[in-house]
1. Quick check: anything in the stretch 75-96 at pLDDT 85 or above and outside any helix (DSSP H, G or I)?
2. Among the residues of the stretch 2-53 satisfying the criterion of being among the β-branched types (Val, Ile, Thr) and within 25 Å of Gly156 (Cα to Cα), which is surrounded by the most Cβ atoms within 10 Å (Cβ to Cβ)?
3. Report yes if Gly108 is surrounded by 14 or more Cβ atoms within 10 Å (Cβ to Cβ), at pLDDT below 90 and in contact with a Pro (Cβ under 9 Å, 6 or more places away or on another chain), otherwise no.
4. Select from the stretch 54-74 the residues that are touching an Asp or Glu at 6+ places or on another chain (Cβ under 9 Å) and in contact (Cβ under 8 Å) with a residue 60 or more places away in the chain and write down the one among them that is least open to solvent (accessible area, probe 1.4 Å).
5. Given the criterion closer than 22 Å to Val47 by Cα, of a type in the set (A, V, I, L, M), surrounded by 12 or more Cβ atoms within 10 Å (Cβ to Cβ) and more than 17 Å from the chain's Cα centre (by Cα), identify the matching residue among Ala158, Ala167.
Amino acid sequence: MIKVFILGAIFGAIMQLGFLDRLSKVIGAFLLKDLTIPKALMIAMGVGAVFLYSAEYFGLIQFHIKPFYPVGVALGGLIFGIGMVIVGYCPGSMPEAVGEGRMDALLGIISGVIGGIIFTIYYPVYHSSFLHGNTIGAPTLTDLFGLEGLAKLLTGIAIGMTFVLLAFLIDRLERKYILKEDEAESLDGHVPG
């Protein structure tokens with residue numbers, strides 16, 4: 001429990017220091033005007049992949065991959081996106097925003113809990129309906145290629161580092177195109193006429 005608390009505190013501190021819980025960052029990400037959130041997510045996925053595959057290789061953890069469920073992923077992504085646009089936060093940033101005193105985030109948390117309860121109550125109906133769809137097993141990229149041991153570790157590290165490099169590439173592209181465009185627009189607005 002103490003480890004989880006410490007990891008949560010580190011996660012919250014990083015989110016607050018990066019302003020990742022701000023509505024302007026969420027809107028900027030959706031409009032492709034501020035790519036702070038996508039860059040942070042790519043770095044988190046990359047570093048996470050390196051740590052997870054390393055921890056599995058050294059026997060510290062075991063993966064328990066859930067079956068891939070395309071319909072559920074699509075529906076969940078749609079609901080997640082709509083909720084994120086309405087509330088202006090992702091689920092990870094809402095508790096941090098509440099800690100800063102923003103009560104709109106508390107309403108988002110309460111709404112999420114209510115939505116989860118409703119889904120749990122109606123899950124048997126959903127599960128037996130045509131909306132449920134099939135699962136496709138529990139594949140990971142390393143499973144698809146039949147990798148084990150050191151080969152699996154090195155592939156996991158390569159995947160993780162690819163995400164980190166993509167984050168830096170996106171940062172470079174953002175600086176080259178998006179920020180220069182914003183700078184030019186602000187200069188055009190301040191030129192004496």
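The values are calculated or read from the model by the stated rules, or taken from the named source; none is laboratory data. Treat the numbers as computed from the prediction; the structure is a model and nothing was measured. So basically every Cβ, Gly included, is an ideal-geometry build from the backbone, and we count neighbours across all protein chains shown. Heads up: the accessible areas ignore ligands, DNA and RNA and are worked out on the full protein's heavy atoms, side chains in. Shrake-Rupley method; radii C 1.70, N 1.55, O 1.52, S 1.80 Å.
1. no
2. Restricting attention to the stretch 2-53, the residues satisfying the condition of being among the β-branched types (Val, Ile, Thr) are 2, 4, 6, 10, 14, 26-27, 36-37, 43, 47, 50.
Now restrict to residues that are within 25 Å of Gly156 (Cα to Cα): 4, 10, 14, 36-37, 43, 47, 50.
On the way: Val4: 8, Ile10: 10, Ile14: 14, Thr36: 18, Ile37: 21, Ile43: 18, Val47: 15, Val50: 19.
Among them, the one singled out is Ile37.
3. Numbers: surrounded by 14 or more Cβ atoms within 10 Å (Cβ to Cβ): yes; at pLDDT below 90: yes; in contact with a Pro (Cβ under 9 Å, 6 or more places away or on another chain): yes.
Taking the combined requirement at face value, the residue satisfies it.
4. Among them, the one singled out is Phe63.
5. On the way: Ala167 fails: more than 17 Å from the chain's Cα centre (by Cα).
The unique qualifying residue is Ala158.
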